[in-house]
Amino acid sequence: MDMRGAYGDALLELGKSEPRIVCVGGDTTDSLKTKKFGDMYPERMFNVGIAEANLVSIAAGLAIAGKIAFASTYAAFIPGRCVDQIRNTICYPNLDVKLVVSHSGLTVGPDGASHQQIEDMSTTRAMPNMRVLAPADAVSVKHLIKTIAFTAGPFYVRLPRPASELVYPESAPADQFKIGRGNILVDGSDATIMACGLMIKKAMEAADLLKRDNGLSCRVVDMFSIKPIDVDLVSRCAKETGAIVTAEEHNIIGGLGSAVAEAASENYPAPIKRVGVPDRFGESARDEEIDSLLDKYGLTTKEIARAVLEARSRMQK
Amino acid sequence: MNMGFNMRYLELKRQIREVRMLAIQGIAEAGSGHPGASFSAAEIMGTLYFRKMNHDPKRPDWPDRDYFINSKAHSAPGFYSALAVAGYFPPDEIRTLRKLGSRLQGHPVRYSDHQKNHSVPGIEYSGGSEGIGLSVGIGIALASRLDNKRSRVYVLIGDGESNEGQIWEASMAAAKFKLDNIVAILDRNRIQQDGFTEDIMPLDPTKDKWAAFNWQVFEVDGHRVEQLMDALTKAEEIRDKPVMIIANTVKGSGIRHMANNPQWHGKAPSKKQLPVLIEELESECLIAPSIIAGAKENYEEKIKKVEREGIELIHLDVMDGKFVPNSTFLADTIKKLRRSTSLPFDAHLMIEKPLEHIDEYIDARCDIVTVHVEACNEGEFVQIKDKLLAAGISPGVAINPRTTFPEWLDPYIKDIDVVNVMSVNPGASGQKFMPEVLPKMIALNKNLREKGFRGYIEADGGIDAVTLQQVYDAGSRIFVAGSAVYGNSDIHSAIIELRHEAAVALERKLLDQATRLGVRKEWLNARKHILIPYATRLGIKGELHAIE
């Protein structure tokens, strides 16, 4: 199921019960699935065209006047085109603007590196007052969108383009998704794999692989809350499993891997290995070639498994 | 459409002067800041905060308030000063500007619980990065419309920041959304950090650009509060279209050596010179030509002739043939003239029983109404000034050359915006100045200030290039000029000459003060390009030469 679709549905539902919800779009409302909200509540939907600086600043103005403003387009443009506006007009005054974007990471596919935003978590994470989320599936999205709507202040939520399998059962309760908390999906004691977004599935596959081939029991954690990061859980995993591997569809600089490494090194140092885009720009790939693309850039089950073994080899005996 | 804006004109001018004085104090104290932009926007912010906007300093978060978004946030010292004068925080706090721990940050921060240590109530928007405020204003305007509120959004933008593409993104969006509850005001001072805007990145034809983006555009002199009020009032009538007011301004306006000088974009003056600068700001002069002077011709024509010269006020000598032997015109004539100009009307009522007629002059939308103390008693005067104040008209009193200022006026001194000290016996144009009035004017100015008078002393009667200097030195700052303007076949030169004389008087006063403060050399240095035309008159030719 498609996370963008889940976002569109969640927004529509929110709009029904909460008149303060408004949405600003940038010529991508069909793609972001915010069009449904716009069709139902045309007076609360503002399409400003291809002008992202204007888009997020208008959202800030709506929030100043008491609205809960969702601002959406592709990650290449928010934050890619308007880091300054996000920083100065949304984060600095701590406004109720929720940036929910799609097409993050390499899985954008055919559009190529210009559209493959792999720096967004790094830039947004560095801004005071901003919180950064990378949900794992449509169920997470449904719950998190509602949570952030009623949690004061700015959020950045990154969604991928492709549809993906569910990680959580559809019946998963809302309170399973708390801002600043990670969720242990699979327990284990020999190492922890902390992942976010589409990499969750690969992390779980890697855990299976390691159990089968190496007899290792790996813990898999959904770290959808990149900021605030669950420091307690990071420390606990470091302590209980001795090694941590992170996996994200993002540059290895500044994203989940960095956040986890920072938390662990200050609280419970343990060997860490980051799996992510190795500080390189991506490239085009047709939709049916996405797996090969991820393969080429090291975002694979095998790479995660290899990283676990490497991190474990550095553990002090 | 009727002009005349019931904005208690002279008090508004005084409040704006206070804004400039506070701003320069803050900048000098901080040792950095942007005097140029603070001064170019002083009238714009003053007209909005002190008159046009619906807001309440006691309830800064009042949901139905009008919003002011200061997109050109480097004008912060001026903006903070306007907020202080409006009553949002104690004016003295301006001394903390830009210092560690201050609520007055280098660029203003939106006030909230979260930022209350770095901001003051009344600030809606965190500025500093250029070109963003208009978009934020659009968001507020959209939300207000959604909520069926009558709130209006005023966004001040700069011409330098108009280099930013986002200004034009916002421009398109406001027109698309047919927002008629937003007014953008462009502080068109033509200077940005590196130099003149038309050299760095030309903006002209500015008006055509905004019109092409489907905005309703008005263009005004941004230092004339009556023109700003006129455009802001017209803006309220525009439907389904955003309004742009291009306010042509002078960067640094108010301090002559800073005016239109790119060097003063972001530089602080020395603290030692501060009192001289304050003195200059306090010394703002207004010239008020009296239209009954000179040859008999259509009054509208006479007004047009001086309006072209950028004159500040029109002095209207109303004579009823009873209080004075002559008759000129009454309220009905003023009412007709009111349609022809937005220039403030300074009506000097030389009539019997002014209380009986005061409503007519209020109805005629005069900006200042001065009554003779010889024509009313205390009870009548109180009713007159209360009616005037309620109507937003500056109350004034006039005294004849042989009248002493009556003590019964003392309790009302703070409500009086102008004291007209007649230097001829009222009743006819073209009389000779009575120099014996000068000592009276000096004493009156001193006594009245001590009693809390904050208005102007107006010199009226026989004012020309020679006597203007004398009444200036005696403390007068409004000069009624009759024959000296309209008696001259070349009105343009006549007005230039009067302004020149006022400038000589000002420069002499400032130089004397600088000398007393021990900063004469510094002052001459900062001011040399201004002082050159007055060097001979001030006897400083040699000194200036030595500096160069």
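The values are calculated or read from the model by the stated rules, or taken from the named source; none is laboratory data. As the structure is a computational prediction, the values presented were derived from the model and not from experiment. Counting neighbours? That spans all protein chains shown, and the Cβs are built from the backbone with ideal geometry, glycine included.
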Determine whether region A:27-40 contains at least one residue that is among the aromatic types (F, W, Y), free of Cβ contacts under 8 Å to residues at least 40 places away in the same chain and facing chain B (nearest Cβ under 9 Å). no
Just to be sure, is B:A459 out of contact with any Leu (no Cβ under 7 Å at 6 or more places or on another chain) and part of a helix (DSSP H, G or I)? no
Going by what's in this entry, would A:V308 be described as in contact (Cβ under 8 Å) with a residue 24 or more places away in the chain, touching a Cys at 6+ places or on another chain (Cβ under 7 Å) and under 27 Å from A:Q176 (Cβ atoms)? yes
Name the residue that is surrounded by the most Cβ atoms within 10 Å (Cβ to Cβ), counting only residues in region B:489-546 that are basic (K, R) and more than 18 Å from B:E280 (Cα to Cα). B:R537
Flag for B:Q166 being closer than 30 Å to B:R499 by Cβ and outside any loop (DSSP other than H, G, I, E, B): no
Considering only residues that are closer than 15 Å to B:F213 by Cβ and in contact with a strand residue (DSSP E or B) (Cβ under 6 Å, 6 or more places away or on another chain), look in region B:140-173 and name the one that is farthest from the other protein chains (Cβ to nearest Cβ). B:I157
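Identify all residues within region A:58-103 that are assigned to a helix (DSSP H, G or I) and more than 14 Å from every other protein chain (Cβ to nearest Cβ); write none if there are none.
If we filter region A:58-103 for residues that are assigned to a helix (DSSP H, G or I), which is where we start, we get A:58-64, A:83-91.
Residues satisfying the conditions do not exist here.
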Run down A:L95, A:L14, A:L55 and say which single residue is touching a Phe, Trp or Tyr at 6+ places or on another chain (Cβ under 9 Å) and crowded, with 24+ Cβ neighbours inside 10 Å. A:L55
Picked from region B:104-139 (must be surrounded by fewer than 24 Cβ atoms within 10 Å (Cβ to Cβ) and touching a His at 6+ places or on another chain (Cβ under 7 Å)), the residue nearest to the other protein chains (Cβ to nearest Cβ) is B:G128
Go through region B:192-250 and report how many residues are over 24 Å from B:P344 (Cα atoms) and in a helix (DSSP H, G or I). 11
Taking only pairs six or more apart or across chains, which ones have beta-carbon atoms under 6 Å, a first residue in region B:199-219 that is assigned by TED's automatic domain parsing to the domain that holds B:E236, and a second residue that is modelled with pLDDT under 95 and in a loop (DSSP other than H, G, I, E, B)? B:I200/B:D194
Can you tell me which residue among B:A37, B:A23 is assigned to a helix (DSSP H, G or I) and out of contact with any strand residue (DSSP E or B) (no Cβ under 8 Å at 6 or more places or on another chain)? B:A23
Among the candidates B:R51, B:R59, B:R98, which residue alone is in contact (Cβ under 8 Å) with a residue 40 or more places away in the chain, part of a loop (DSSP other than H, G, I, E, B), of a type in the set (K, R) and farther than 21 Å from A:N94 by Cβ? B:R98
If A:A113 meets every condition in (1) within 21 Å of the chain's Cα centre (by Cα); (2) within 14 Å of another protein chain (Cβ to nearest Cβ); (3) in contact (Cβ under 8 Å) with a residue 40 or more places away in the chain apart from one, which number is that one? (2)
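Residue by residue, here is whether (1) outside the structural domain of A:K33 (by TED's automatic domain parsing); (2) without any contact (Cβ under 8 Å) to a residue 40 or more places away in the chain; (3) of a type in the set (F, W, Y) holds:
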| position | (1), (2), (3) |
| --- | --- |
| A:C91 | no, no, no |
| A:S140 | no, no, no |
| A:S164 | yes, no, no |
| A:D175 | yes, yes, no |
Just a yes or no: is a residue in region B:388-402 farther than 18 Å from B:L349 by Cα, outside any loop (DSSP other than H, G, I, E, B) and either in the same structural domain as B:V306 (by TED's automatic domain parsing) or at pLDDT below 95 (or both)? yes
Every residue from region A:39-57 that is in a helix (DSSP H, G or I) and not aliphatic (A, V, I, L, M): A:D39, A:P42, A:E43, A:R44, A:E52, A:N54, A:S57
